[in-house]
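The values are calculated or read from the model by the stated rules, or taken from the named source; none is laboratory data. None of the values given here were measured: they were computed from a predicted structure. Reconstructed Cβ throughout: ideal geometry from the backbone, glycine too, with neighbour counts over all protein chains shown.
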Amino acid sequence: MNRYFKRATTPVALLLVVCLSVGAQVAQVEKVDLEMMKKIRAEGMERSQVMETVGYMTDVFGGRLTGSPGMKAANEWTKTKLAEWGLQNAAVEPWGKFGRGWSLDRFSAHVVEPQAFPLIGFPKAWTPGTNGAITAPVVFAEINSEEDFAKYKGKLRGAVVLTVPMRELKAQFTPPGVRMSDEELLKWANDEMGGAGGRNYSEEALRAMRARQALEPRKQQFFREEGAAVLFDISRVGDGGTVFVQGGGPRDKNAPQSLPTVTLTPEHYGRIARLIQKGIAVKVEVNIQASFHDEDEMAYNTVAEIPGTDKKDELVMLGAHLDGWHSGTGATDNAAGSAVVMEAVRILKALGVQPRRTIRIALWSGEEQGLLGSRNYVSKHFAERQAAPGAQNDPAAQFRGPQGPVMPKQGYDKFSAYFNLDNGTGKIRGVYLQGNEAVRPIFRAWLAPFRDLGASTLTSSNTSGTDHLAFDAVGLPGFQFIQDPVEYDTRTHHSNMDTYERLQAEDLKQASVIMAAFVYNAAMRDERLPRKPMPGAQAAQAR
């Protein structure tokens, strides 16, 4: 059962009852300052600024593609805002060379023959523009094997090319937005979910997918050599005007450039393809104005601190990735998480908290291209991990990260924990323990005061795809919170619908309160959080 609270004014007595209800044994394991939990809840639920913060990020700066002017402006704004709230050492910190930036300045696409109608779609990031509006015939290039290339030899010059098969769409009989039921949360708690979910493909489907992926570079080269003007495709999910679109070109200005590429909604793509299959000629008008930004190929994270007191040389971190994609305004992915972690430190500053350990917030860039900002930060400050033999031949290695021995640095032994939020607008329902069972009783005590807000589930499961993995990969305690899915996978993740309107204010307030509480508890406890055994071979001596 899900319960919704317009206001959270739970008295201390009720919080004590809730905390004690989890059992006296937990209370003996971990002390929780329930008076401070009440103050954090009141500040975060009754005087929240999270929607003002997330509104500025989304409406003013847009999608915040790493390397774009919007992302750099967001870095500067977040630095200034954190300093205004009283955090120290606020900075926009470079983490390394990213490559050229890219931004979309203008886009339109229409079918002009045999009947005129506008097309819903978005250009892929890092693909070039069209140098003004062009009108061109459309060719449906159905290339599924090496033998199919010959069919289109000499037929693509100056054409707009449909590059992928049509998708069969079915009616949606379930709502796109969901919250986790008590039964589902129990499965998480019992570790019956098999990790963070994901799609299960048959072996036949996997073979077909690998074959398509292997053929794709050859197709792109063929389209360039044949002189195609623009490429159209569709995403493997999404319909009803929702377009899921990411990148389609290289960030290296010296690499062979891709063709202008647009991802269309499948309904419009399908109509064009069916007309062509009926032998009816189709012409479209396309205008893409895109800019590459070569003036600064570095990328940046925003960082700031609340200095510690007696344990100030030890560190607790919280963070989220600030970068996103360009078709929406990066609201649920991940202005939501960025605003929540900013709100968490605002709450602590508003309450005048003087933490024992230093609290450091980080807003990462380059997450969408492989956790680049967080991985480089961890490598610089805490530990590096050597590449495993043969990693250069593994295309998935850039996303999985190095798998060789860990080489700790000076800050490694002083690090306590990192807390991350990056699964959309949904409220926090619990924590992925990443296999670190030693923190289970600690987190159970920390969640107890917020059971009435729907947060109580702990699962040993790992979850993938976001910045806590940069810490976990080198043996540092890094955690992502379990969140209600809401519309994340079905509507907003990397889509043109990822806008402010999809954000749920009460959920973000709840998440901010729990994030602030976790960071406070980690910063104030006597000992640092326990760690899993260090991954890989025996680590080199700290340096």
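Residues checked against (1) touching a helix residue (DSSP H, G or I) at 6+ places or on another chain (Cβ under 9 Å); (2) crowded, with 20+ Cβ neighbours inside 10 Å; (3) free of Cβ contacts under 8 Å to residues at least 40 places away in the same chain:
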site	(1), (2), (3)
Thr265	no, yes, no
Gly279	no, no, yes
Val282	yes, yes, no
Ala290	no, yes, no
Val303	yes, yes, no
Val341	yes, yes, no
Gly352	no, no, yes
Arg356	yes, no, no
Leu363	yes, yes, no
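From the list Asp239, Asp191, Asp252, Asp233, pick out the single residue that is of a type outside the set (Val, Ile, Thr) and at pLDDT below 90. Give the derivation first.
Working: Asp239 fails: at pLDDT below 90; Asp252 fails: at pLDDT below 90; Asp233 fails: at pLDDT below 90.
Only one candidate passes the filter, namely Asp191.
Which residue, of Val513, Val439, is in contact with a Pro (Cβ under 7 Å, 6 or more places away or on another chain) and on the phi < 0 side of the Ramachandran plot?
Numbers: Val513 fails: in contact with a Pro (Cβ under 7 Å, 6 or more places away or on another chain).
Selected residue: Val439, the only one of Val513, Val439 that is in contact with a Pro (Cβ under 7 Å, 6 or more places away or on another chain) and on the phi < 0 side of the Ramachandran plot.
List the number of the failed condition for Arg106; all other conditions in (1) buried (at least 16 other Cβ atoms within 10 Å of the Cβ); (2) within 30 Å of Ser235 (Cβ to Cβ); (3) among the basic types (Lys, Arg) hold.
The failed condition is (1).
Please tell me if Leu87 is over 30 Å from Ile514 (Cα atoms) and not acidic (Asp, Glu).
no
Looking for whichever is crowded, with 18+ Cβ neighbours inside 10 Å, touching a Gly at 6+ places or on another chain (Cβ under 9 Å) and assigned by TED's automatic domain parsing to the domain that holds Ala473 here; the options are Leu508, Leu503. Which one fits?
Checking each option against the conditions leaves just Leu503.
Please go through region 50-98 and pick out each residue that is in contact with a Gly (Cβ under 7 Å, 6 or more places away or on another chain) and over 16 Å from Thr332 (Cα atoms).
Thr66, Gly67, Ser68, Gly70, Trp95, Phe98
Working carefully through the options Ala125, Ala83, Ala73, Ala42, find the one that is surrounded by 15 or more Cβ atoms within 10 Å (Cβ to Cβ) and in the same structural domain as Leu371 (by TED's automatic domain parsing).
Ala42
Those residues that are more than 30 Å from Arg218 (Cα to Cα), assigned to a loop (DSSP other than H, G, I, E, B) and of a type outside the set (Gly, Ala, Ser), I need them from region 149-184; list them, please.
Lys170, Gln172, Phe173, Thr174, Pro175, Pro176, Arg179, Met180
Does region 94-108 contain at least one residue that is in the same structural domain as Asn496 (by TED's automatic domain parsing), within 29 Å of Gly352 (Cα to Cα) and at pLDDT 95 or above?
There is no residue in region 94-108 that is in the same structural domain as Asn496 (by TED's automatic domain parsing), within 29 Å of Gly352 (Cα to Cα) and at pLDDT 95 or above.
Among the residues of region 213-241, write down those that are assigned to a helix (DSSP H, G or I) and touching a residue at least 60 places away in the same chain (Cβ under 8 Å).
Residues of region 213-241 assigned to a helix (DSSP H, G or I): 213-225.
Those that are assigned to a helix (DSSP H, G or I) and touching a residue at least 60 places away in the same chain (Cβ under 8 Å): Leu215, Arg218, Lys219, Phe222, Phe223.
Is it true that Arg429 is out of contact with any Cys (no Cβ under 6 Å at 6 or more places or on another chain), of a type in the set (D, E, K, R) and free of Cβ contacts under 8 Å to residues at least 40 places away in the same chain?
It is false that Arg429 is out of contact with any Cys (no Cβ under 6 Å at 6 or more places or on another chain), of a type in the set (D, E, K, R) and free of Cβ contacts under 8 Å to residues at least 40 places away in the same chain.
If a residue counts only when it is polar (S, T, N, Q) and either at pLDDT 95 or above or out of contact with any Leu (no Cβ under 8 Å at 6 or more places or on another chain) (or both), which helices (runs of 4 or more DSSP H) contained entirely in region 434-543 have at least 3 such residues?
505-524
Hey, does region 130-138 have a residue that's surrounded by 20 or more Cβ atoms within 10 Å (Cβ to Cβ) and either under 20 Å from Leu215 (Cβ atoms) or touching a Cys at 6+ places or on another chain (Cβ under 9 Å) (or both)?
no
For region 460-486, which residues satisfy the criterion of being of a type in the set (Gly, Ala, Ser) and within 13 Å of the chain's Cα centre (by Cα)? It would help to see each step written out before you state the result.
Going through region 460-486, the residues of a type in the set (Gly, Ala, Ser) turn out to be 460-461, 464-465, 470, 473, 475, 478.
Of everything in region 460-486, those that are of a type in the set (Gly, Ala, Ser) and within 13 Å of the chain's Cα centre (by Cα) turn out to be Ser464, Gly465.
So which of Met57, Met36 is in a helix (DSSP H, G or I) and under 20 Å from the mean Cα position of the chain (by Cα)?
Met57
With the structure loaded, tell me whether Gln257 is outside any helix (DSSP H, G or I) and in contact with a strand residue (DSSP E or B) (Cβ under 7 Å, 6 or more places away or on another chain) or whether it fails that test.
No, not satisfied.
If Val378 passes every condition in (1) under 29 Å from Ala42 (Cα atoms); (2) in contact with a helix residue (DSSP H, G or I) (Cβ under 6 Å, 6 or more places away or on another chain) but one, which one does it miss?
(1)
Any residue at all in region 400-421 that's modelled with pLDDT of 95 or more and β-branched (Val, Ile, Thr)?
no
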